[in-house]
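The structure appears right after this line, and notes come after that.
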Amino acid sequence: MAEKKSTRKSAAARKGATQAKKASAPAVARGEGLKASNPGTTLAALRENAGARPKRTRVGRGHGSGMVKTGGEGGKGQTVRSGGGKGPAFEGGQTPWARRLPHKRGYSQKARDIGHFRTTYAVVNVHALAGWDAAIEVSPQSLIEHKLVTKAPDGIKILGGTKAGATLPQGLRFRDVVFSQSAREALAAAGADLGDAAPSSES
């Protein structure tokens, strides 16, 4: 009982001290205390911090709102499960690519995809070099610059195609190109320097 009485007395004493402090404080008109603490500021000028009141989400207001279909609830069943969905090889239920191919023992990879397993050359026939300046070295870069080819995916191959009236200049120099057998013979007869390129069989 003594503890309860002391607690009540201390609470009453604190309440009385608060009331006395309020009574002793000078009377301030509404809004005047704010002006005194921060001159030039009024209650009407106070605003919330940026982002304190986010815009309300309006569900079902068209695709532009971003809240269509599930309305923010997400999916159900397979789409909401961790690891759910179909794999990258799923083709809607039809026989997958891996099962459609003839996976036979010893089946050649080269017969499947030319772009990945074979070498692709940009070809130039020897008659196209009839007007070539012998002082300029024939290389993939110079052939592209002179617009005899547009690009060289895996290199340049010189073929032995000829044209009536087209004669090769003497002393042509080649670098970083390959030759068919007929092109090699024609260029060797014209005294061309073929460099250290290995001969390539003509298909």
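Brief remarks on what is shown
- Looking only at the range 147-159, and only at residues there that are in a loop (DSSP other than H, G, I, E, B) and surrounded by 15 or more Cβ atoms within 10 Å (Cβ to Cβ), the one that is farthest from the chain's Cα centre (by Cα): LEU148
- Residues that are at pLDDT 85 or above and hydroxyl-bearing (Ser, Thr, Tyr) were ranked within the range 160-203; the one that is surrounded by the fewest Cβ atoms within 10 Å (Cβ to Cβ) is SER182.
- Counted residues, the range 162-181 - those being of a type in the set (Gly, Ala, Ser) and in contact with an Asp or Glu (Cβ under 6 Å, 6 or more places away or on another chain): 1
The values are calculated or read from the model by the stated rules, or taken from the named source; none is laboratory data. It should be emphasised that the depicted structure is a prediction, and the values quoted were computed from it without experimental measurement. FYI the Cβ positions are ideal-geometry reconstructions off the backbone, even for glycines, and counts take in every protein chain you see.
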